[in-house]
Structure formats: C-alpha cells, structure tokens
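Report on the following structure.
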Amino acid sequence: MKKHLFAIFVLISFTVSAQKMNSNKKALVASVENHKTELIKISDSIWAAAETAFEEHKSSKILADYAEKNGMKVERGVAGIPTAFTATYGSGKPVISILGEFDALPGISQKAQPTKEPLKEGAAGHGCGHNLFGAASLGAAIATKELMENGKLKGTIKFLGTPSEEKYFAKIWMVREGLWDDVDVNLSWHPSAKTEADVQSSLALVDFKVEFYGQAAHASGDPWNGRSASDALELYTTGINYYREHIKPTVRIHYHIQDGGQVVNVVPDYSRLWVRVRDTKRSGMMPVYEQVKKMAEGAAIMANVDYKISLISGIYEVLVNRSGGEIMQKNLELLGPLTYTAEETAFGKKIQESTGKPQVGMDSQIRPLEETKEHPGGGSTDVGDVSWNVPNINLGVTVAPKDTPWHSWAVVACGGMSIGHKGMVHAAKALGMTAVDLFENPKLVQKVKAEYIERKGSEKYEPIIPDGPPPLNGI
Ligand SMILES: [Zn+2]
C-alpha cells in the first residue's frame with residue numbers, strides 16, 4: 001500500500017514538474033528540435049574548418065548566413081572586425097542578447113575518435129568547444145525569434161557573433177563599439193565537463209609584449225661589440241620567476257618567448273616575449289602588472305639594451321549575477337539531465353582511459369546552484385568585459401566526459417560527435433528558455449539588473465586596450 005501511495009506521489013510530482021514548462025517554453029524546445037539537424041551541421045562545419053583568432057571567415061559566415069536565412073537582420077564586420085557580426089529580430093524592450101564564439105585553438109587537430117590522432121597534422125582544433133558554442137547560441141536566438149514572430153513574446157532578440165576569444169579577446173572592442181549598449185540582459189554559455197547554471201567569476205588578465213633591442217656582433221670574434229637582447233630576455237624571465245615567491249597565490253604570470261635570436265654565432269640584437277598577468281580581480285592584477293613592467297627596465301639596464309613595452313589587451317573578471325543564475329538553474333531542472341547511449345558512455349570512458357583519468361563516463365547530473373567562490377581560480381574570458389557593461393547570465397553544459405583536459409585533443413574529439421552535439425542542443429534549449437523567462441516577466445529583468453547595479457557598485461568600467469583597431473594581423 002505504501003509503495004502504491006509512493007508511486008502515485010511520484011506520478012503527481014512528475015506531472016507537476018512537466019506542467020512547469022509553460023507553452024512558450026514547450027514551443028521553444030520544439031523549435032530548437034526543428035533546427036537540430038541544421039545546428040549539428042553548422043557545428044560540424046565550424047569544427048572541420050577549425051579557424052583561429054580573427055581568421056574565422058568561414059565559421060562566421062556559416063552562422064551569419066543561417067541567421068539571415070531565418071529572418072534575422074544581420075550586420076557583418078561590426079566593430080572593425082571582419083568576422084564579428086550581429087543578428088537581430090524584433091523591436092523595443094526588453095533587448096535580450098545571446099553571444100556565440102566560434103574560434104579554434106592552434107595545433108590540436110583531432111579526429112572525432114577517443115584516441116589521439118590528428119585530423120590534419122599541425123592544424124587547429126576546437127579544443128574549447130566553440131563550434132558548439134556558436135551553434136547553440138544562434139539556435140537559441142532563432143528559436144526565441146520564432147516565438148516573437150508568432151506573437152508570443154515582445155521585444156528584441158540579438159545574437160552577437162564574437163570572434164577571437166582564444167587570443168586577442170574581440171569582445172573588448174565590441175563592447176567599446178557599444179554593441180551591448182541597448183541590451184537589458186546578456187546570456188552566455190560555455191561547453192564544459194559538467195552541467196550547471198554558472199555563478200562563478202573568472203580571472204582578470206592583462207597581455208603585453210616586451211621587446212629588447214641590442215647590438216648584433218660575432219658571438220666569438222668580437223662579442224665585446226655586442227649587446228645581447230637575449231641576455232635581457234633571460235634576466236627578465238629570471239626576475240619574473242623570483243618574483244613569483246612574493247605574489248599572492250591568486251596571481252598567475254605566464255610568458256611566451258616569441259623571439260630569442262636566430263642563430264648561435266650571432267649576439268642577438270632583438271628579442272620578444274608575450275607576457276600575461278592574471279588575478280581574481282582587475283584591482284589585484286594591476287599592481288603586479290606595473291611591477292612586471294618595471295622589471296623589463298631592470299633587465300634592459302643589466303644587459304645594456306633598449307626595451308619597449310606594448311599593451312596588447314586585457315580583460316575583466318566576470319561579474320556574477322546570481323539572480324540570473326537562479327533563472328537558468330530552474331530551466332536546467334525543467335530540462336532534466338542529459339542521457340547517453342552505451343556507445344557514448346564507452347566513448348567517454350575511452351577518452352578518460354586515453355588521458356589517464358578514472359573511467360567514470362559522463363557527468364550531466366543537475367546540482368543545486370553553487371555558492372559563488374571568492375577566488376574561483378580557472379581561466380579568463382572576455383565575457384568578463386561584457387558582464388561589466390550589462391547583466392550577464394552564464395551556463396555550462398556537458399560536452400565531454402568528466403575530468404577531460406580542456407584545450408586538448410580530447411575536447412576536439414567530443415565536439416565533433418554526438419556527445420558534443422547533445423550538449424549543444426541542450427544549451428540552446430536552456431538559453432532559449434531563460435530568454436523566454438526574461439521576455440515574459442519584466443520583474444525578473446528588473447531583479448537581474450538590480451543585482452548587477454549593486455555588484456558593480458561605484459567601480460567604473462575602464463577597458464584595458466590600447467587605442468586603435470584590434471590586432472587583426474597579429475602582434
Ligand atoms: Zn572557450
């Protein structure tokens with residue numbers, strides 16, 4: 001009898017939970033399902049093209065063309081960036097935007113198989129899942145647009161195609177261009193190894209180039225005539241590495257030696273590094289940045305060479321919005337966890353075996369909304385700059401097995417097959433459903449905005465970029 005009652009209770013709660021998805025959300029999910037085959041094709045084409053920072057001409061065109069074909073007003077080449085675009089539909093308030101990335105990472109080409117083997121030796125690969133990112137976000141925007149078209153929602157939906165997230169952070173220039181100025185709330189997501197309404201921040205970051213200029217000479221014949229730019233480079237990096245002992249544990253300093261001289265028998269007259277400083281907050285990062293810049297002068301004095309520092313770009317930490325996270329969380333709960341076939345689970349376990357991780361398979365369970373950590377660790381994203389200009393709601397969706405090394409061949413592999421596709425479609429639905437909530441309920445928009453204003457406080461947004469256009473041709 002007790003068992004029987006329990007079964008009735010389960011049935012009732014299931015019915016109640018199913019009823020919670022209102023007719024607009026049901027229509028949105030159906031619309032994403034309608035576009036599913038095309039979205040997977042788009043994602044796979046971007047995956048195969050695997051274009052890196054500012055070179056994403058095919059990928060950007062594939063997304064922009066699909067937006068246009070579906071009746072959105074497309075503006076290409078915005079903010080002086082040929083591969084950046086916007087796609088808009090509707091009019092008036094609220095304006096809800098969804099951003100989509102689509103750039104790949106160099107050198108990690110990989111076939112859609114669970115053991116390491118490049119698709120094309122030395123080529124780029126989607127090791128951050130941005131092929132899925134762009135496709136899902138556009139899918140959500142188009143599905144929302146279809147509800148507007150049918151008179152179910154009022155306002156404006158705006159998709160922003162944001163290139164070069166992995167290198168120069170194009171969103172900073174897009175923010176400077178004012179592309180989010182009319183937006184009430186922005187939605188974003190990121191491919192992940194777990195599914196969650198993401199309420200964690202990211203690290204602020206600053207990128208700059210250091211160049212040393214010396215005097216060339218024969219390395220053995222007349223070295224006394226030489227002033228070595230590579231000596232300066234070595235002294236500089238040594239200084240940075242000693243400095244690590246005296247920085248807070250939240251700070252990260254990286255450098256990439258781009259030019260250390262050409263041959264062994266010449267005293268190099270030129271050297272160059274790309275240096276990056278990060279911390280939990282921009283305010284903690286800036287004093288470290290100033291110190292690391294001073295060290296370049298010190299190294300130049302010691303090696304008796306000249307030096308030059310050029311700012312490349314920098315990004316803010318993400319300004320979290322928990323009110324927005326709560327909306328997203330409810331939609332993830334409505335959708336339920338992703339499920340996988342035996343073949344997909346086996347694929348995931350094989351990836352884990354190949355990367356030396358416990359073979360536990362996929363993780364798409366729905367967790368309660370996490371506490372926002374004071375020091376989140378992890379990486380950086382130019383979504384940070386967007387989040388200081390407009391309230392931002394973030395989402396993470398499983399597109400790879402648990403513990404998958406990110407920015408690696410393993411993510412490329414999953415992003416080119418059904419595990420990635422499932423995550424992409426799921427993300428499109430969760431983003432679209434959250435947009436539906438915001439269009440339907442002005443009070444939610446107000447709540448998200450109020451939290452944004454409170455968290456931002458008196459801090460004025462100051463972009464960390466030099467004047468002029470983005471470095472489209474590299475640095
Ligand atoms: Zn990424």
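Look at where the Cα atoms of region 36-96 and of region 127-165 average out, and the two centres are 9 Å apart. Neighbours of residue 395 by Cβ distance under 10 Å: Lys/Arg scored +1, Asp/Glu scored -1, total -2.
Peptide packing for 173-186, 133-146 was compared via the average number of neighbouring C-beta atoms within 10 Å per residue; ordered from the highest value, the list is 133-146, 173-186. The residue among 341, 369, 386 whose Cα reaches farthest toward the positive pole of the charge dipole of region 318-436, with charges on the beta-carbon of Lys, Arg, Asp and Glu, is 341. With a Förster radius of 60 Å applied to the beta-carbon distance between residue 149 and residue 234, the computed FRET efficiency rounds to 0.45.
Leaving out ligands, DNA and RNA, and with a 1.4 Å probe, what % of the accessible surface on region 201-315 is carbon or sulfur? Result for region 201-315: 51 percent of the exposed heavy-atom area is carbon or sulfur. For region 350-468, carbon and sulfur atoms together expose 49% of the accessible surface, with a 1.4 angstrom probe and every protein chain in place.
Here the calculated FRET efficiency for residue 213 and residue 462, from their Cβ-Cβ distance with R0 = 30 Å, stands at 0.50, rounded to the nearest 0.05. The label-point distance for residue 350 and residue 123, in a model that sets each label 7 Å from Cα toward Cβ, rounds to 2.1 nm. The slack between residue 407 and residue 443, meaning 0.36 nm per residue of separation minus the straight C-alpha distance, is 9.1 nm. Taking all Cα pairs closer than 8 Å and separated by 6 or more residues, the relative contact order of the chain comes to 22 percent. Couplings 3J(HN,Hα) of region 297-305, computed from phi: 5, x, 5, 5, 4, 4, 8, 6, 10 Hz, in residue order, whole Hz [Karplus 6.51 cos²θ - 1.76 cosθ + 1.60, θ = phi - 60°; x for Gly and Pro]. Less than 5 angstrom separates the built amide H of residue 125 from those of 105, 107, 108, 109, all sequence-distant by 5 or more or on a different chain. Between region 201-262 and region 336-392, how far is it from one alpha carbon centroid to the other, in angstrom? A separation of 35 Å, based on Cα centres.
Where the only charges are on Cβ atoms (+1 Lys, Arg; -1 Asp, Glu), what is the dipole of the chain about its Cα centre, to the nearest 20 debye?
Numbers: 53 positive and 55 negative charges, 327 e Å.
With Lys and Arg at +1 and Asp and Glu at -1, about 1580 debye.
Only Cα sites of the chain enter the Debye sum here, all with the same form factor; the resulting log10 I(q)/I(0) across q = 0.08, 0.09, 0.10 1/Å is -0.51, -0.64, -0.77, listed in q order.
A 1.4 Å probe run over the chain, with the rest of the protein chains in place, finds 43 Å² accessible per residue. Label zone (residue 30, point 7 Å along Cα-to-C-beta; backbone nitrogen cut-off 20 Å) within region 145-169: 145-154. What's the angle, to the nearest 10 degrees (0 to 90), between helix 342-354's Cα axis and the longest principal axis of the chain? Relative to the chain, helix 342-354 is tipped by roughly 20 degrees.
The H on the amide N of residue 189, modeled in the peptide plane, is under 5 Å from the matching H of 395, each at least 5 residues off or on a different chain.
Extension gain for the segment residue 73 to residue 301, taken as residue separation times 0.36 nm less the Cα-Cα distance, is 76.5 nm to one decimal. Compared with the direct C-alpha span, the chain from residue 453 to residue 65 gains 136.1 nm at full extension, assuming 0.36 nm per residue. Within the shell defined by Cβ-Cβ distances under 15 Å, the residues around residue 461 carry a net charge of 0, with Lys and Arg each +1 and Asp and Glu each -1. Modelling each spin label as a point 7 Å along the Cα-to-Cβ direction, I'd like the residue 21/residue 41 distance in nm, to one decimal. Rounded to a tenth, the inter-label distance reads 2.5 nm.
The phi torsions of region 52-63, fed into the Karplus equation with coefficients 6.51, -1.76 and 1.60 and a -60° offset, translate into couplings of 8, 2, 6, 9, 7, 5, 5, 4, 5, 5, 4, 5 Hz, rounded to whole numbers, with Gly and Pro shown as x. Annotation: lysines with alpha-carbon distance below 16 angstrom to residue 152 (same-chain offsets under eight excluded): 25, 26, 93.
Remark: region 271-414 carries a charge dipole of roughly 340 debye about the Cα centre, counting +1 on each Lys and Arg Cβ and -1 on each Asp and Glu Cβ.
Only aspartates and glutamates eight or more places from residue 357 in sequence, or on another chain, were considered; those with a Cα closer than 12 Å are 403.
With θ taken as phi - 60° and the Karplus curve 6.51 cos²θ - 1.76 cosθ + 1.60 applied, the whole-hertz 3J(HN,Hα) list for region 73-90 is 7, 9, 10, 9, x, 6, 6, x, 10, x, 9, 8, 8, 10, 9, 10, 8, x Hz, x standing for glycine and proline.
Here each label is just a point 7 Å from Cα along the line to Cβ, and for residue 472 and residue 341 those points are 4.4 nm apart.
The values are calculated or read from the model by the stated rules, or taken from the named source; none is laboratory data. Being a predicted model, the structure only gives us computed values, none of them experimental. Glycine gets a Cβ as well: all are built from the backbone with ideal geometry, and neighbour counts include every protein chain shown. Ligands, DNA and RNA are excluded from the accessible area calculation, which covers all protein heavy atoms including side chains. Shrake-Rupley method; radii C 1.70, N 1.55, O 1.52, S 1.80 Å.
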